[in-house]
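Presented below is the structure to which this report refers.
Derivation of every value follows stated rules applied to the coordinates shown; laboratory data play no part. Everything numeric here is computed off the predicted structure, so don't read it as measured data. Backbone-built Cβ (ideal geometry, glycine too); neighbour counts: all protein chains shown.
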Amino acid sequence: MSLNHANALASILGDESRVLTHPQVVERLSRDFYWYSPVLRKQLDGKVGDLVVQPVSTREIQSVLRYCHVQSLPVTVRGAGTGNYGQAVPLQGGVVLDLARMDQIEAIQPDGVAVCQPGVRLGALETEARKTGWELRCYPSTIVKASVGGFLGGGSGGIGSVAHGGLRDFNTVRALEVVTMESEPQVVRHEGEAVHEILHAWGTNGVITRIWLALAPAVDWSQCVAAFDHFEAAFDFSERVATGDSWIKRLVTTFEWPIPSFFTPVKQYAPQGKSLIFFLISSGQLGMLEAGVRELNGEVTYSGSYAGLRTIPLLSDYTWNHTTLWALKTDPAYTYLQCGFDPATVRDQMRQLRERFGQEILFHMEFMKNGSGQVIPGAIPIVYYTTEERLNEMISFCREIGVFVANPHVNNVEGGGRYRADNVQLLAKMRNDPKGLLNPGKMITFHAENVTAATGTTR
Ligand code: FAD
């Protein structure tokens, strides 16, 4: 990209220090955690932007997008770059729009809604919310680093989802504002159902600049690790707690052996050969939980109070997709899938997978509430990767036996399992980004030549 673009953008911002062109810096800010997938590694290694721009206000974003629209420059938005599917990796070069400096929490409203900029780290928001008696409803295990905008753009749920569902459920995202990619970029507010036009669209149809996020009343949490001789017993107990209405919980994660052996820093809580459950449970129910574990011949190998994200050990660091990270540290041949099992037939589904794939699939279950209010056994199983064909065979088999798979080995919104069947994300892209400059190549059903015909207008 010509130096002229860098100079022009620096003069638009009035600050050359916020236009980064050093190749190593640009490369670092063009990457995310796509390398968890051996399939994506092949596709995305070496893909980089041409320069990085770091705006500090919505007005600056509008100015940058206006320039990029005129120049037909691709723009890829970046939060903290912790996504797993190459969501923030620019496929066609251009500008990486790094929003890390837009990190203001405007308010924690008395009605339990946080208002903030997109670059706010989820951990900072959680800490701030707890000061006034609130906490995040759900968050990824990358909470310390990940941004609110990136979570909305590319995440789905995590710790807390067992009680409050995913990010797109129960009106958790109350409203958001996006800047459009047009000759005259506009600030458009989405609220109610209209937030789904933007959620999990990977920054392809607008740059989120302001967020209204519903919180939950804060709970005094404790952490607990339970060990069982057999995975079946661990699964039964975790299911009972996860689905039992009377339990106040934030995390119920079940691992079959040998997954616990990967967790080096907490190996003292992982007896050889046993399956583990990691809980975040209300402190008032900790004693009852421990008694329940012992009644079923389980062993409580750790329990302790939870004093926020600096607590050591922090059990959430081993759950959700952090589990895959620990597996990869043990053996780089491991990768993962993202699954939803059928609560009625989950045991049979797991049996069929074990029979067909043996130890190539290791069960790591994450319970979460779905949009209908039912707690279901989600899973991020660890998979021993040999070939892409074998991985696809496993995905197909899962689907054949009724296990939902959100495929983390594809690099487009449609293939990832969170694309809306009503096409609202695509329709928003047609309106907001008619030239197709936002994160191009990631929404594969979008074709710029169809825009005028489909929408009747390019606004
Ligand atoms: P980025 O990676 O920077 O961006 C994600 C996507 O959103 C990109 O497409 C980007 O273009 C877009 N985007 C970013 N900011 C904006 C914006 N302002 N406007 C529009 N689009 C934007 N995810 C989960 O949901 N649950 C988990 O439990 C979880 N665990 C993880 C564990 C590990 C170890 C890792 C590596 C990843 C995990 N993830 C998980 C994925 C990821 O961490 C989360 O989705 C996180 O919220 C992404 O935030 P980010 O700021 O890093 O976003």
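Beyond 29 Å between alpha-carbons counts as too far, so tell me which of LYS42/LYS267; LYS47/LYS329; LYS131/LYS249; LYS131/LYS274; LYS42/LYS145 fall in that bin.
Numbers: LYS42/LYS267 33 Å; LYS47/LYS329 24 Å; LYS131/LYS249 20 Å; LYS131/LYS274 38 Å; LYS42/LYS145 26 Å.
Those over the limit are LYS42/LYS267; LYS131/LYS274.
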In nm, spacing of pseudo-spin labels at ARG189 and ILE444 (7 Å Cα→C-beta vector): 3.8
Amide H within-cut-off set for ASP50, under 5 Å, with H built and near neighbours excluded: GLY94, VAL95, VAL96
message: Give me, ordered by chain and number, the residues 5 or more places off TYR336 or on other chains with an amide H under 5 Å from its own placed amide H.
response: VAL383
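Between GLU232 and GLN359, what length comes free when the chain is fully extended (0.36 nm per residue of separation minus the Cα-Cα distance, one decimal in nm)?
Numbers: separation 127, 0.36 × 127 = 45.72 nm, distance 1.57 nm.
Stretched out fully, the GLU232 to GLN359 stretch lengthens by 44.1 nm.
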field: Distance-filtered residues of the range 147-189 - backbone nitrogen under 12 Å, label point 7 angstrom along LYS435 Cα→Cβ
entry: 181-185
message: Calculate log10 I(q)/I(0) of the chain for q = 0.08, 0.09, 0.14 Å⁻¹, where I(q) comes from the Debye formula with a single equal point scatterer on each Cα and nothing for solvent.
response: -0.46, -0.59, -1.33
task: Mind checking the full-extension length gain between SER246 and ASN171? Use 0.36 nm per residue of separation minus the Cα-Cα distance, one decimal, nm.
output: 24.7 nm
Stretchable slack from GLU16 to ARG28, in nm (0.36 nm times residue separation minus alpha-carbon distance): 2.4 nm
field: Vicinal HN-Hα couplings computed from phi for the range 112-128 (Karplus, 6.51 cos²θ - 1.76 cosθ + 1.60; Hz; Gly/Pro x)
entry: x, 10, 8, 10, 8, 7, x, x, 4, 6, 4, x, 5, 5, 4, 4, 5
message: Taking 8 Å as the Cα distance limit and 6 or more residues as the minimum spacing, I'd like the relative contact order of the chain as a percentage.
response: 16
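So which trypsin sites (Lys or Arg not before Pro) in the range 265-335 pass both tests, a DSSP loop state and at most 16 other Cβ atoms within 10 Å of the Cβ? Before the final figure, lay out the partial values.
Details: sites: LYS267, LYS274, ARG294, ARG310, LYS329; in loops: LYS274, ARG310.
Sites meeting the loop and neighbour criteria: ARG310.
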message: How many angstrom lie between the Cα centre of the range 154-183 and the Cα centre of the range 296-372?
response: 23
statement: So, over other residues within a Cβ distance under 15 Å of GLY371, counting Lys, Arg +1 and Asp, Glu -1, the net charge is +2
query: Ordered by residue, what ³J(HN,Hα) values in Hz, to whole numbers, does the range 91-106 give under the Karplus form 6.51 cos²θ - 1.76 cosθ + 1.60, where θ = phi - 60° and Gly and Pro are x?
result: 8, 10, x, x, 9, 8, 9, 8, 9, 4, 7, 8, 10, 8, 8, 7
field: Förster radius 45 Å - calculated FRET efficiency between ASP342 and ASN4, Cβ distance, rounded to 0.05
entry: 0.20
field: Environment charge of LEU13, counting only residues whose C-beta is closer than 15 Å and scoring Lys/Arg +1, Asp/Glu -1
entry: 0
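Where does the charge balance sit around ASP50 when Lys and Arg score +1, Asp and Glu -1, over other residues with C-beta under 15 Å from its C-beta?
Working: positive: ARG28, ARG31, LYS47, ARG78; negative: GLU27, ASP98.
Result for the neighbourhood of ASP50: +2.
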